[in-house]
Amino acid sequence: MSNKESTLSTVTVALVLCIVCSVVVSTAAVVLKPAQVANKEKDFKRNILAAAGMLEEGVSIEKQFERVETRLVDLSTGKFTDQYDPDSYDQRKVSKDPKFSSALSKEQDIAKIGRRVDVAEIYLINNGSGLDKVILPVKGYGLWSTLYGFLALESDLNTVAGLGFYEHGETPGLGGEVDNPKWKGLWIGKEIYSAGGDVEISVIKGTAPADSKHQIDGLSGATLTSKGVHNLVQFWMGQEGYGSFLNNLKQGEA
């Protein structure tokens, strides 16, 4: 076989292998996509339940999530809306679309998110006598990344039932300690608002007084991540976030 024929044969074999591999990879991606989407949705629900302190290991996530009611809230009015279908609404996707979100001024944007969705997806837990908990999606910039999570409130819409982040890129062992169960446990029982209705909850530098109703210990060695969490909670619990909605819900006007 001449060198020319040998080279042509090698190129042909390589090309065929590339085509075969591409077909295999593409087919696998198509076949596995439904499972990947289902697993992502399952993990999302798991994090909602965990933030509310309701996650039971060994029990089907779908079964546990039957207690959760998904609703949409118009943040400009602070009231529920049926404008979109909660089952297909993708809050994260629309958050950057000018048609579905509003630009924030520098003064407003303490959480450093750029734009705020006009309609937010929230989650309600009801019991036999009425509202038990409300779980609110929150996000804000830390040191290296945007932190995405959920803040759960008790039925008084003031006491924290739990806080958890399901996605971030903070430094492991430092800002990444937002995932530490011990630190997350410090939030439980804290109060969001002062007696006058101002957002009072805060993440401070150092250790919070044992009798403080509103302060949470800062993360050791992670000042900017701690500040980021402080700012995102301040933003979302304020009037630019869920403040009006929570007030309306308290008054039975949502």
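The values are calculated or read from the model by the stated rules, or taken from the named source; none is laboratory data. It should be emphasised that the depicted structure is a prediction, and the values quoted were computed from it without experimental measurement. Note that we place each Cβ from the backbone using ideal geometry, even for glycine, and neighbour counts take in every protein chain shown.
Residues that are in contact with an Asp or Glu (Cβ under 8 Å, 6 or more places away or on another chain) and either hydrophobic (A, V, I, L, M, F, W, C) or surrounded by fewer than 19 Cβ atoms within 10 Å (Cβ to Cβ) (or both), at least 2 per element: which helices (runs of 4 or more DSSP H) completely within region 162-254 meet that?
Counting at least 2 such residues, we get no helices (runs of 4 or more DSSP H) at all.
Which residue out of 124, 143 is at pLDDT 95 or above and farther than 23 Å from residue 192 by Cα? Break it down into steps so the answer makes sense when it comes.
Details: 124 fails: farther than 23 Å from residue 192 by Cα.
143 is the lone residue from the list that is at pLDDT 95 or above and farther than 23 Å from residue 192 by Cα.
Which of the residues spanning region 126-155 are surrounded by 19 or more Cβ atoms within 10 Å (Cβ to Cβ), touching a Ser or Thr at 6+ places or on another chain (Cβ under 9 Å) and not in a loop (DSSP other than H, G, I, E, B)?
133, 134, 139, 140, 147, 153
Any residue at all in region 153-161 that is out of contact with any Pro (no Cβ under 6 Å at 6 or more places or on another chain), under 15 Å from residue 246 (Cα atoms) and of a type in the set (Ser, Thr, Tyr)?
yes
Across region 77-106, what is the total count of residues that are surrounded by 12 or more Cβ atoms within 10 Å (Cβ to Cβ), part of a loop (DSSP other than H, G, I, E, B), without any contact (Cβ under 8 Å) to a residue 60 or more places away in the chain and polar (S, T, N, Q)?
Number satisfying all stated conditions: 2.
Please go through (1) part of a loop (DSSP other than H, G, I, E, B); (2) modelled with pLDDT under 90 for residue 56 and return the number of the only condition it doesn't satisfy.
Condition not satisfied by residue 56: (2).
Name, by its number, the condition in (1) modelled with pLDDT of 95 or more; (2) of a type in the set (Asp, Glu); (3) farther than 17 Å from residue 46 by Cβ that does not hold for residue 87.
All conditions are met except number (1).
Which pairs do you get when a residue that is free of Cβ contacts under 8 Å to residues at least 60 places away in the same chain, found in region 121-133, comes within reach of a residue that is assigned to a strand (DSSP E or B) and among the hydroxyl-bearing types (Ser, Thr, Tyr), reach meaning Cβ atoms under 7 angstrom, with the pair 6+ apart or on two chains?
121/70
Exactly one condition in (1) free of Cβ contacts under 8 Å to residues at least 24 places away in the same chain; (2) within 20 Å of the chain's Cα centre (by Cα) is not met by residue 209; state its number.
Unmet for residue 209, out of (1) free of Cβ contacts under 8 Å to residues at least 24 places away in the same chain; (2) within 20 Å of the chain's Cα centre (by Cα): (2).
Please find, among 253, 170, 177, the residue that is in contact (Cβ under 8 Å) with a residue 40 or more places away in the chain and touching a Lys or Arg at 6+ places or on another chain (Cβ under 8 Å).
Result: 253 is the single residue among 253, 170, 177 that is in contact (Cβ under 8 Å) with a residue 40 or more places away in the chain and touching a Lys or Arg at 6+ places or on another chain (Cβ under 8 Å).
Answer yes or no as to whether residue 223 is without any contact (Cβ under 8 Å) to a residue 24 or more places away in the chain, among the β-branched types (Val, Ile, Thr) and out of contact with any Cys (no Cβ under 9 Å at 6 or more places or on another chain).
Numbers: without any contact (Cβ under 8 Å) to a residue 24 or more places away in the chain: yes; among the β-branched types (Val, Ile, Thr): yes; out of contact with any Cys (no Cβ under 9 Å at 6 or more places or on another chain): yes.
Judged against the criteria, residue 223 is a match.
Within 17 Å of the chain's Cα centre (by Cα), of a type outside the set (A, V, I, L, M, F, W, C) and at pLDDT 95 or above, is that true of residue 116?
It is true that residue 116 is within 17 Å of the chain's Cα centre (by Cα), of a type outside the set (A, V, I, L, M, F, W, C) and at pLDDT 95 or above.
Restricting to region 107-117, give me the number of residues that are surrounded by fewer than 18 Cβ atoms within 10 Å (Cβ to Cβ) and part of a loop (DSSP other than H, G, I, E, B). Break it down stepwise before answering.
So the first thing to find is which residues in region 107-117 are surrounded by fewer than 18 Cβ atoms within 10 Å (Cβ to Cβ), and the list is 107-108, 112, 114-115.
From what's left, part of a loop (DSSP other than H, G, I, E, B): 107-108, 112, 114.
Adding up the residues that qualify gives 4.
If we scan region 147-161, do we find a residue that is touching a His at 6+ places or on another chain (Cβ under 8 Å) and either more than 23 Å from residue 225 (Cα to Cα) or aromatic (Phe, Trp, Tyr) (or both)?
yes
Quick check on region 134-151. Is at least one of its residues of a type in the set (Gly, Ala, Ser), more than 20 Å from residue 39 (Cα to Cα) and free of Cβ contacts under 8 Å to residues at least 40 places away in the same chain? Talk me through it step by step, then tell me what you get.
As a first pass, look at region 134-151 and keep what is of a type in the set (Gly, Ala, Ser): 140, 142, 145, 149.
After this cut, where a residue has to be more than 20 Å from residue 39 (Cα to Cα) as well, the list is 140, 142, 145.
With free of Cβ contacts under 8 Å to residues at least 40 places away in the same chain added as a condition, the list becomes 145.
Yes, the conditions are met somewhere in region 134-151.
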